[in-house]
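Structure first, commentary second.
The values are calculated or read from the model by the stated rules, or taken from the named source; none is laboratory data. Here the structure is a predicted model, which means the values were calculated and not measured. With ideal geometry, Cβ positions are generated from the backbone for all residues, glycine too; neighbour counts draw on all protein chains shown. Surface areas here come from the heavy atoms of the whole protein model, side chains and all, with no ligands, DNA or RNA. Shrake-Rupley method; radii C 1.70, N 1.55, O 1.52, S 1.80 Å.
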Amino acid sequence: MLSAMDSWLNGAGRFFNPAPRVSTVTIAPGELCIVVDEALANPEGLVDWAASQPFRPAEGFPYPGLIVDAPAAVAAMIGDYFAEHVRGRLGGRRTLSTTVRLSLVTLSPRELRPVQWQCHRDRLGAVPHDLKLAAMVTYLFRDASLGGTSFYRSRLSDEETERMIEDAGRMDATEFTARYGLEAGYLSGSNRYFERLALIPAAWNRMLFYNGDLFHSADIAAPARLSGDPRTGRLTLNGFFTCRRAAL
């Protein structure tokens with residue numbers, strides 16, 4: 001008997017739409033976000049598959065919700081698409097690692113830890129100069145009020161920015177608020193520490209590729225609409241790629 005994923009892939013005949021609409025958004029000088037609209041051939045099938053899966057809380061990184069690993073076949077197709085169409089445009093060459101998962105933002109503002117009040121970069125430490133990080137998000141929800149993706153730059157020095165990030169990871173909410181004057185909640189727009197450079201709205205079956213070392217965040221202005229149901233919540237397909245940096 002075919003699994004739900006096998007049936008979906010076989011029924012769709014292909015994973016990617018062969019005729020998407022591709023555009024770019026300039027985030028900062030030298031930094032592009034590649035936007036692929038109508039990206040997947042059968043996004044409804046992926047939502048159906050996600051609804052049958054046991055999502056789990058994220059561990060080892062501060063994602064404010066639930067995740068499930070994408071099937072190996074999907075991760076391979078995402079990796080191939082990235083290598084063929086995107087990697088060079090974002091300044092990468094050989095791909096060293098690819099991680100793909102589906103994600104649901106579920107936490108209410110009061111449940112967030114200080115590290116989740118911030119925008120973030122897709123790294124856990126310093127990135128060697130010869131490596132390039134890239135990221136992908138695909139919106140698998142029709143309610144645009146659940147939020148797109150915003151990109152930021154820090155208003156602080158590098159040293160002050162790193163200190164704030166470290167404090168957000170180790171302090172409780174009371175201590176962090178006392179030091180930085182911020183309250184629990186999702187970041188939506190500029191504040192005294194980060195300036196929003198660009199906002200790309202959510203749209204059904206829209207896929208974004210961008211430099212994962214840029215500060216960015218889901219732009220969730222209506223957290224009361226979040227849900228743990230993949231059919232109604234803020235379901236996304238996410239990819240993370242580590243590449244060799246292209247020669248300058």
Checklist outcome for this item: Residues of the range 212-233 being closer than 23 Å to E162 by Cβ, open to solvent by 10 Å² or more (accessible area, probe 1.4 Å) and in a loop (DSSP other than H, G, I, E, B), in sequence order, are D213, L214
Checklist entry - Of all residues in the range 113-133, how many are surrounded by 20 or more Cβ atoms within 10 Å (Cβ to Cβ) and not in a strand (DSSP E or B)? => result 6
Checklist entry - Could you count how many residues in the range 165-182 are among the hydrophobic types (A, V, I, L, M, F, W, C) and open to solvent by 30 Å² or more (accessible area, probe 1.4 Å)? => result 3
Item to check | Hits in the range 71-95 (condition: closer than 25 Å to Q53 by Cα, touching a Ser or Thr at 6+ places or on another chain (Cβ under 9 Å) and either open to solvent by 30 Å² or more (accessible area, probe 1.4 Å) or not in a helix (DSSP H, G or I) (or both)) | outcome: P71, A76
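For every residue, the table says whether it meets (1) in contact with a helix residue (DSSP H, G or I) (Cβ under 9 Å, 6 or more places away or on another chain); (2) modelled with pLDDT under 95; (3) under 14 Å from G212 (Cβ atoms); (4) not acidic (D, E).
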site	(1), (2), (3), (4)
T98	yes, no, yes, yes
L102	yes, no, no, yes
P114	yes, no, no, yes
A134	yes, no, yes, yes
Y139	yes, no, no, yes
T149	no, no, yes, yes
S154	yes, no, no, yes
S157	no, no, no, yes
Next on the checklist: Condition first: polar (S, T, N, Q) and open to solvent by less than 10 Å² (accessible area, probe 1.4 Å). Now tell me which residues in the range 137-148 satisfy that.
Outcome noted: T138
Checklist outcome for this item: The correct count of residues that are hydrophobic (A, V, I, L, M, F, W, C) and surrounded by fewer than 17 Cβ atoms within 10 Å (Cβ to Cβ) in the range 149-164 is 1
Checklist entry - F209 is checked against (1) in a loop (DSSP other than H, G, I, E, B); (2) within 25 Å of V100 (Cα to Cα) and fails just one. What number does that condition carry? => result (1)
Checklist outcome for this item: When L237 is run through (1) surrounded by fewer than 16 Cβ atoms within 10 Å (Cβ to Cβ); (2) within 21 Å of L66 (Cα to Cα), the failure sits at (1)
Checklist entry - Which members of the range 25-70 meet the condition of being part of a loop (DSSP other than H, G, I, E, B), under 15 Å from the mean Cα position of the chain (by Cα) and surrounded by fewer than 18 Cβ atoms within 10 Å (Cβ to Cβ)? => result A58, F61, P62
Item to check | Options E44, E31, E59, E84: the member that is touching a residue at least 12 places away in the same chain (Cβ under 8 Å) and not β-branched (V, I, T) | outcome: E31
Checklist entry - If you go through the range 177-195 one residue at a time, do you hit one that is assigned to a strand (DSSP E or B) and either charged (D, E, K, R) or modelled with pLDDT of 95 or more (or both)? => result yes
